[in-house]
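The values are calculated or read from the model by the stated rules, or taken from the named source; none is laboratory data. Because the structure is predicted, anything quoted here is derived from the model rather than measured. Every residue, glycine among them, receives a Cβ derived from its backbone with ideal geometry; neighbour counts consider all protein chains shown. Accessible surface areas use protein heavy atoms only, side chains included; no ligands, DNA or RNA. Shrake-Rupley method; radii C 1.70, N 1.55, O 1.52, S 1.80 Å.
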Amino acid sequence: MLNLKKRKIKEFVTFVPGINPTRAQEQFKDLIDNYYDRSSFDADYNHEDVFLEEETKDLSKSITSSLNEGDVVINNSLQLATMVGKNNVGKVLSINFTKVEIDNKQLDKRYFLFMFNTYKDVKRQKERELQGTGAVLRIPLRALGEITIPVVTLEKQKKIGKIYIERIKLQSKLNKYSDLIEQFTNSIIEEALKGDD
């Protein structure tokens, strides 16, 4: 098997922690009312189209934690990463998330997502670095930067990243179909049971 050269993530990325909502409320008063939360992350991770109920304010000039489409975000408790979709643009990153600024001349965003979320060696490295008590364990930013990933050409990274994203999209659709089949089947069974009363 080919022995791939490995390098530390911190050589390609900068981690920007989200802000504490309580402190942000004091600093920016009523400007912030739209935080990037777990449902935002899940929608982006599953590549769902979510329609916003209200327009988001453009805070990108005043708050560095506001998000743009294509930004890479890590959910600190799940230790998974995703790319921000168009429906979450302008939301403010809370302390539960970390923004990953990537040098795209050396590392493809989608390849980073594959490495961070799926690659077995990286998963093992993340497990070793988990810290905390109780149900919520986190990896310190310093330790995240020390994680090593195999480095291949940018062209190969883009191919791998594209395949990974297509698999995630397909998996999300299959999960939706599975849920619909389950609901449909359950409703038929329940109707059949009512008929026997």
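Can you work out which of the residues in region 69-85 that are of a type in the set (Gly, Ala, Ser) and touching a residue at least 40 places away in the same chain (Cβ under 8 Å) is least open to solvent (accessible area, probe 1.4 Å)? Filtering region 69-85 for residues that are of a type in the set (Gly, Ala, Ser) and touching a residue at least 40 places away in the same chain (Cβ under 8 Å), the one least open to solvent (accessible area, probe 1.4 Å) comes out as 85. Considering only residues in region 95-128 that are farther than 30 Å from residue 21 by Cβ and among the acidic types (Asp, Glu), the one that is most open to solvent (accessible area, probe 1.4 Å) turns out to be 121. Cβ separations smaller than 7 Å between residues 6+ apart or across chains give the following pairs from region 33-53 residues that are within 15 Å of residue 95 (Cα to Cα) to residues that are in a loop (DSSP other than H, G, I, E, B) and modelled with pLDDT under 70: 34/56. Of everything in region 147-197 that is of a type in the set (Ser, Thr, Tyr) and under 25 Å from residue 14 (Cβ atoms), the residue that is surrounded by the most Cβ atoms within 10 Å (Cβ to Cβ) is 164. Annotation: of all residues in region 96-133 being touching a residue at least 60 places away in the same chain (Cβ under 8 Å) and of a type in the set (S, T, N, Q), the one that is farthest from residue 66 (Cα to Cα) is 106.
Applying the condition of being in a strand (DSSP E or B) and open to solvent by less than 50 Å² (accessible area, probe 1.4 Å) to region 6-34 and asking which residue is modelled with the lowest pLDDT yields 19.
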